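The values are calculated or read from the model by the stated rules, or taken from the named source; none is laboratory data. In this text, all values refer to a predicted model and were calculated from it rather than measured experimentally. Cβ: placed from backbone, ideal geometry, glycine included. Neighbour counts: every protein chain shown. Surface areas here come from the heavy atoms of the whole protein model, side chains and all, with no ligands, DNA or RNA. Shrake-Rupley method; radii C 1.70, N 1.55, O 1.52, S 1.80 Å.
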Amino acid sequence: MTSSTVQNVTILGATGSIGRSTLDVIARHPDAYRLHAVTAYRSREALFDICRRFAPAQAVIGTREDAGWLRRQLDDAGLERIEVLHGDPALLEVSRAVEVDVVMAAIVGAAGLMPTLAAVEAGKRVLLANKEALVMSGGLFMDAVSRHDATLLPIDSEHNAIYQCLPMQQRGGLSRQGVARLLLTASGGPFREWSLADLESVTPAQACAHPNWSMGQKISVDSATLMNKGLELIEACWLFGAAPEQVEVVVHPQSIVHSMVGYADGSVIAQMGNPDMRTPIAYGLAWPARIDAGVAPLDLFAVSRLDFEAPDEARFPCLRLAREAMAAGGTAPASLNAANEVAVQAFLDGRLSFLGIARLVESTLETIEVRAADSLDVILCEDAQARRVAETLLHQRSF
Ligand code: NDP
């Protein structure tokens, strides 16, 4: 690539698992990508290291105090020209900056919604890892993508796989492309074979030890409860214009087939590769071209077999809860997501059992009413309400 085609990139959530993988891919292609801005919430040392390595134009951290600390470190390191910002308004600023071509949306949870939407509204190429943003705001988010002519590329490995297996021209609906169904693969998480009785005593450390993927804490717990697959089901419906019944979840413990598309003529197209997020990240950065991601070639002889089984919704009810929330529509997915964020944090803090996560989410959804998700204000209001209800229930009852 020539210097005129260098892409300026903002990484929201640069200190996280996806953020670090994105930095790894960018570092392999210094002539093609330049880091414009990086953001973190609390990890100031990690953000300082990234600044030293990549010298972005801007760095954003959560608080004024940490911003002061980072400013002093950068000055001492001779990096005075890196601008340090803090807080939510700064996240919006670096998402919509005119110099920026590509925004990697890799903040975890609802906190990523507003900066991701800001990138969409500025018409950027948005690499969407932050699935919670789309789950919360579904229709509004997709409307904004088309209204502002943004390019939305899914980074979740399953949705990235589906994107790769669909015809290039996806507009016009799945059925007009001859697509019968989307097959969303799930590893099944670390407790795929555990009994319900054993699941009662799962610890946060066990839940965060995923067999195939190395990820942040929240998504690791979501993978263990299968809420991650539930959120992904909702994400797939919005991204590809699919009805919930067109999305089939298939447990595939090896995580080699990242998802599939089934066509009307009986063909099933799969995307395969080693479980390494650098593949979908590189795809998103370079699309429609392909670049080296640093990922080892897939050795099918070493893999040797691929297994597929149906998910067990009795042991993992979160999948059902997500499907029901999508079917209920309106603000139900935003409430599901908010209740789940409270439940996962409570589990990580030792205030809720593993099986209590699904019970708390279900009780929260039973307590609040579904409203039409016709504005961002309504969605944010319902998100806050679901968090309040979940916290109250957590104090009132034992789950
Ligand atoms: P991590 O927990 O590893 O990283 C989260 C990032 O978001 C960190 O940079 C963190 O900063 C920042 N952050 C956290 N809270 C806030 C906040 N309130 N305001 C601003 N920034 C914040 O998460 P992952 O990288 O695992 O996941 C990121 C997103 O990508 C999630 O939505 C996840 O579902 C999705 N995803 C992740 C995959 C993976 O393999 N990890 C795969 C597919 C999707 P700090 O370090 O300072 O806390």
Odd one out for residue 146 among (1) touching a Leu at 6+ places or on another chain (Cβ under 8 Å); (2) open to solvent by 10 Å² or more (accessible area, probe 1.4 Å): (1)
Only one of 34, 53 that is assigned to a strand (DSSP E or B), of a type in the set (D, E, K, R) and either on the phi < 0 side of the Ramachandran plot or away from the ligand (no atom under 14 Å from the Cβ) (or both): 34
Residue 23 fails exactly one of (1) crowded, with 24+ Cβ neighbours inside 10 Å; (2) under 14 Å from residue 282 (Cβ atoms), namely (1)
Count, please, the residues in region 203-225 that happen to be outside any loop (DSSP other than H, G, I, E, B) and either of a type in the set (Val, Ile, Thr) or open to solvent by 50 Å² or more (accessible area, probe 1.4 Å) (or both). 6
Quickly run through region 196-219 and pick out the residues that are touching a residue at least 60 places away in the same chain (Cβ under 8 Å), of a type outside the set (Val, Ile, Thr) and over 18 Å from residue 350 (Cβ atoms). 196, 212, 213, 214, 215, 216
Does region 227-247 include one or more residues that are in a strand (DSSP E or B), in contact (Cβ under 8 Å) with a residue 12 or more places away in the chain and buried (at least 16 other Cβ atoms within 10 Å of the Cβ)? yes
Only one of 42, 71 is touching a residue at least 12 places away in the same chain (Cβ under 8 Å), open to solvent by 60 Å² or more (accessible area, probe 1.4 Å) and assigned to a helix (DSSP H, G or I), namely 71
Which residue pairs have Cβ atoms closer than 6 Å, lie 6 or more positions apart in sequence or on different chains, and pair a first residue in region 109-127 that is within 18 Å of residue 18 (Cβ to Cβ) and open to solvent by 10 Å² or more (accessible area, probe 1.4 Å) with a second residue that is within 10 Å of the ligand (Cβ to nearest atom) and among the charged types (D, E, K, R)? 110/132
Consider residue 132 carefully, then state whether it is closer than 21 Å to residue 280 by Cα and among the acidic types (Asp, Glu). yes
For region 73-96, does any single residue satisfy the condition of being under 25 Å from residue 276 (Cβ atoms) and among the aliphatic types (A, V, I, L, M)? no
Looking only at region 76-105, count how many residues are open to solvent by less than 60 Å² (accessible area, probe 1.4 Å) and part of a helix (DSSP H, G or I). 5
What number of residues within region 248-279 satisfy the criterion of being assigned to a loop (DSSP other than H, G, I, E, B) and open to solvent by less than 30 Å² (accessible area, probe 1.4 Å)? 5
